[in-house]
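The values are calculated or read from the model by the stated rules, or taken from the named source; none is laboratory data. Fair warning: this is a prediction, and the values are worked out from it, not measured in the lab. Counting neighbours? That spans all protein chains shown, and the Cβs are built from the backbone with ideal geometry, glycine included.
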Amino acid sequence: MENGKGKWGYIWWQWVTLILHLVAILLFTRGFLLTRTELPFYSHSSDLRQSPCLSPDSNSSSSWTKPSVNRIVIIVLDALRFDFLAPSTFFPESKAWMDKLQVLKNAASTHPSSARIFKAIADPPTTSLQRLKGLTTGGLPTFVDVGNSFGAPAIVEDNFLNQLVQNGKKVVMMGDDTWTQLFPHHFERSYPYPSFNVKDLHTVDNGCIDHLFPSLHEEDWDVLIAHFLGVDHAGHIFGVDSTPMIEKLEQYNKVLERVIEVLENQSGPGNLHENTLLVVMGDHGQTLNGDHGGGSSEEVETAIFAMSFKQPPSVVPPEFDTYSCQLDLDGKNVCISSMQQLDFAVTISALLGIPFPYGSIGQINPELYALGAGSQNLGASQEQSESDIWMQNYANAMCINSWQVKRYIDAYSASSAVGFSHDDVSRIASVYAQAEDQWSHSTKHLLIDRNNGSNTLVPVLERQINAYFNFLSTVAELARSKWTEFNLNLMGTGIGIMLISLIFQFLAIVRANKQHSLTSSSSRDSWNTSAVAFSIFLLGIRACSFLSNSYILEEGKVANFLLSTSGIVALRQSIIKDKLLMESVGFLLLSTFCRFVIEVGLSKQAATSAFMKGYTSWILNIVSGLPVWDYAAEVVPMLVLVLLAFWLYKATSGSFSVWPWKYVILGTILSYMLIIVQWITDSSNRFGVALLPESIGRNIIPRIVYAIALGQFIFMAFHQLFKDNYLDCKTSLVAKTTAMLSTWSSIVILLSGKQGPMIAFASISGGYCIMRLNNIEEDNKEHQRSFSVGPFPVMQWSLFATCLFFCSGHWCAFDGLRYGAAFIGFEEFMLVRQAILLTIDTFGFSIILPVFGLPLLIATKYQTNIGKHFLFTQLSQPNDHSMFYVDVFNIWVHNSSYDDFYDIMCNNSKAALDGKCALLYLNVSHCSISAYLRLVQYFNAYNLFLQVWGLFAPKFVFDVFGLILTDVLICFASIYYFVQGKDDPSLKSSGR
């Protein structure tokens, strides 16, 4: 019956599963990921009449507050860490990248009343698009916006750039082209430069410099924005502790020195910059390995430097100042304040006198506001001090600020499908009512009466400002903790469809068992029962680990612990059976080594960023203090890759010597040699010996490797048009698997850098042990061998794959991506191409290769009488090279993200049908447990997402992407591996 159905009669259920998963994920994601309703409302100058606050004494009808500055220069240094700007004396240990922006530190110490350094705290996600959106709107970005980071849509929500344009102000922009994507019609002049080529450290910065200084002498702007990207790109490629990073910081120091000089020279009375405010700021920070996107302190802590060129600035009363001071290395006193980036938009708007963005929930920062506020007043008497006048101005500005936020909260709760809860709205209304009552019945009358002295006015103003602080802080706290719109209906529907997919797969198991009468010998029943129970127990522990934030952070270590536990169980069985002891002990030793490498690879706080670079064999650099290790780090990966090439070459002399598999494998060997040439070229350049032009090793050789792989894929696809009936099922299966793995391996190793061969070698060792231990219950007599595969080895594959993911220096966060791998072979940025390369680098060892290598698990069941020293004896047996290669290339028969397995169909062979049923059984049983892990994580994230944003959201995205990728690969692999070949005579003769 199955023969009549053909290929699709076996694999249709996998495509149905893919569709179910896609629908479930789509629905669940739309209901789960944080979102916020963007109201289509805008602030207008006339709105102020609806507030209880005082109107400014200004001739400008558009002013909410009296303009304090005429012009603002905003220089954005992308990924500016706080310790790039703050003196090193503020930190426990001095680092090489500290104290490089000397001109800003000197200005803050020399002119403490007119220049100030701020520690600015950003709200995650800390990607540039979300930070620019938050900086300009004054609202909280959401995780959904991350998906738009590579194709930013225009901001439709009210923002301070929109208010500038609507109120007759002119804006000039230069640098990162994200600004023109977000604000396509807001600039008088713009000079955008592509921002996503992280290998280019200079184009954007040089463009900014070329246009910045001429623009400083022009009068056709009110706000000038220059967005530099060099520090961000240097961090992504080289890390924080690197020479290019230090060179970039030194370059910025010279640029800023020139900017300050130009502004100071033209800051006299009647000059162009008499009333100009300079703001130098970062949009977010970065980790030591140069990445960002999450919510760690390194990523959310950035810096703002503000300097006023108008004298004298206002004096902030001590009770509203948050500064802390220390002596720098030169013995100068430097003071640093703190603020939230959320407050930037409304503070800048207040300084310029424009209406505040409608959706802003920030508060006017007193210290930044004071730098530009000057000695303006609301009609105060001449006898009042400058501090008293400032407090009057600030109290009225805070009144407007609080009224605007309350207006927005009311509109949001009325317009949004969910909004704030009734209790939250009542709490906000109560706090605001107290502040407004105090303003209306006391403070406002005192401000109108110009004859009140300081003793009467100041205490009232302080209480009033504190009341507004309390209200605005309450709103921001509630917004950060509860501003979500979970659509429970969509989430529930998505989970329901996911459960349906599990039931569907379970029914597929039952159907397969009935059709093929899948049974096992009585001698294996005891072990099979124990193995199934123990596998479910370990996977249950892993499922429970997702209920803990700490265990998710330590996922690699948890997986390694469970892998070691399974290894101990296998060792016990080896002792009982008195066989495969070497493999059992070796597997435990390998697991121990993986534990050490995971510890190092995930050390984001390492003293040096050498561990984090995408092109270094950091596994060998662990003890890099000795010169011998420097050479070993260059030579050992090449030797290992030569060994892999040798194994492939030996395979071509066996069963793979037929067309087309031999030529596919020879293509991979050629790619290996080219990779070695690239590494030699790179090493020689570092040692000062140029063997080949740098462009050949950097671009030409990787492109040749890509071209060879593409040719191999086309070759294998073309071969699918013909049926290889000249091969029996076993040989065809092994040949196709080996060809596919060898083709993918060259790309994966190239993108992984010099650590690639080392990970491959460790994977070969672990995979070989798992495959050998899979036969621990087999009798050497052929007639007693079984072709079914239990869940225990598959569970080990899954755990080992997770370990490999972390061993290769990845982790489930955006700063765990090696962006440099996306540019291997290319200088220019192209979204689709770079995304494909980054995906291969991230999931190559843990998903792509394991999926295509899975048939080896069943293929080993064909191998009988495997000797104790199989790994070595097969090299001397020419007729068995193919089966040797089967065991060697089990490196990739692991699946970390979603342990879906496809079946291998070889018609007219009962043994093959048994293998199919075994894989189908593993597919559904293990897949069901894995899907359950995801559901547990989803519900856990629903409860804790708001507390640990930077943990759950990236983890959710990584797992969802990994699930979809695995499903897609499984479907295509099923088509590729379906074999309708000749029966194996040995199988027929044995009656199976």
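A few comments on the model shown:
- The helices (runs of 4 or more DSSP H) found entirely in region 521-578 that carry 3 or more residues being at pLDDT 85 or above are 555-577.
- Residues in region 579-619 that are at pLDDT below 50, aliphatic (A, V, I, L, M) and in contact with a helix residue (DSSP H, G or I) (Cβ under 8 Å, 6 or more places away or on another chain): Ala606, Ala610, Ile619.
- Residue among Phe228, Phe213 that is among the aromatic types (Phe, Trp, Tyr) and either buried (at least 17 other Cβ atoms within 10 Å of the Cβ) or not assigned by TED's automatic domain parsing to the domain that holds Leu77 (or both): Phe228
- Residue in region 195-202 that is crowded, with 20+ Cβ neighbours inside 10 Å, modelled with pLDDT under 95, of a type in the set (Gly, Ala, Ser) and within 29 Å of Asn167 (Cβ to Cβ) present: yes
- Just so you know, in region 334-363 the residues that are among the β-branched types (Val, Ile, Thr) and touching a residue at least 24 places away in the same chain (Cβ under 8 Å) include one that is nearest to Met398 (Cα to Cα), and it is Val346.
- The residues on offer are Ile680, Ile696, Ile701, and the sole one that is outside the structural domain of Asp200 (by TED's automatic domain parsing) and at pLDDT 90 or above is Ile701.
- Matching option when the condition is in contact with a helix residue (DSSP H, G or I) (Cβ under 9 Å, 6 or more places away or on another chain) and farther than 26 Å from Arg81 by Cβ, among Ser267, Ser190: Ser190
- Wholly within region 346-462, helices (runs of 4 or more DSSP H) carrying at least 3 residues that are buried (at least 19 other Cβ atoms within 10 Å of the Cβ), polar (S, T, N, Q) and modelled with pLDDT of 75 or more: 386-415
- Residue that is modelled with the lowest pLDDT, among those in region 772-809 that are β-branched (Val, Ile, Thr) and either outside any loop (DSSP other than H, G, I, E, B) or within 18 Å of Thr966 (Cα to Cα) (or both): Val794
- All of Ser68, Ser62 fail the test of being at pLDDT below 85, of a type in the set (Gly, Ala, Ser), over 30 Å from Ala508 (Cα atoms) and crowded, with 16+ Cβ neighbours inside 10 Å, apart from Ser62.
- Filtering region 325-337 to residues that are more than 24 Å from Val458 (Cα to Cα) and either in a loop (DSSP other than H, G, I, E, B) or hydroxyl-bearing (Ser, Thr, Tyr) (or both) leaves Asp328, Leu329, Asp330, Gly331, Lys332.
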